[in-house]
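A.B. asks: Mind having a look at this structure? Questions to follow.
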Amino acid sequence: MCHVIVTCRSMLWTLLSIVVAFAELIAFMSADWLIGKAKTTRSHGEPDNQTRGSSEPHHPTLGIYARCIRNPGVQHVQRETLCGPYAENFGEIASGFWQATAIFLAVGIFILCMVALVSVFTMCVQSIMKKSIFNVCGLLQGIAGLFLILGLILYPAGWGCQKAISYCGHYASAYKPGDCSLGWAFYTAIGGTVLTFVCAVFSAQAEIATSSDKVQEEIEEGKNLICLL
């Protein structure tokens, strides 16, 4: 018989695990890791005095394997920006450091997604082969966090590649973004990494909450749905 055990700490850990996994995945897929220096595009087909500032500055963005640029020649179309991968395969990623970053982040995110999936079932199943799922998931989240840290450390080392220089100017080099600024995706990845370790620590609290004496007493009383604050 499955005993559904719901506590504030276990639910918070589950929700946080899901949020962290999605945040890291979205950041990895985004092109907003580096925001390039402003470029000016002149509207075509209109006199200079009829455009609202005929030279419209825009900031191209560059991610690990994707980029966003101004769609040339169609400035009057509602969607002016083209976003998509600049690398058709893994070998075309601009820097060897970014290739390593992609590998480490992908492994870390895969682990986080698996933990997020398993965390949903911890309300019903708390152990497998006498091992606490919370403890196992917490350990995996700690390992995932280490992969994420390695990826984030290696990423700035690739700022000296030719692709980054074309976006950030000739002053761009390893750990120096030149004329570029850091985008929301980079900060999201850092924040998600910090929260990954928070999840790893909090998993122990979730384990304590679901194995408390109060829970055991209610299980012995024959209750199948146990909700505790």
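What follows is calculated from the coordinates using simple rules that are stated; it is not laboratory data. Because the structure is a prediction, the values reported are computed rather than measured. Heads up, the Cβs are rebuilt from the backbone with ideal geometry, glycines too, and the neighbour counts pull from every protein chain shown.
A.B. asks: Mind giving me the FRET efficiency for Ile208 and Ala106? R0 is 30 Å, r the Cβ-Cβ distance, nearest 0.05 is fine.
C.D. replies: So the FRET efficiency works out to roughly 0.40.
A.B. asks: Arrange the peptides 166-172, 198-204 so that the one whose residues have, on average, the most other Cβ atoms within 10 Å appears first.
C.D. replies: By packing density, highest mean first, the sequence is 198-204, 166-172.
A.B. asks: Sticking with this one: When Lys and Arg each count +1 and Asp and Glu each count -1, what net charge do the other residues less than 14 Å away from Trp159, Cβ to Cβ, add up to?
C.D. replies: Values: positive: Lys37, Lys163, Lys176; negative: Asp179.
It works out to a net charge of +2.
A.B. asks: Which net charge results when you count Lys and Arg as +1 and Asp and Glu as -1 among the other residues whose beta-carbon is under 12 Å from that of Ile35? Write down the numbers at each step before the final one.
C.D. replies: On the way: positive: Lys37, Lys39, Arg67; negative: Asp32, Asp179.
Spelling it out: positives minus negatives among the neighbours equals +1.
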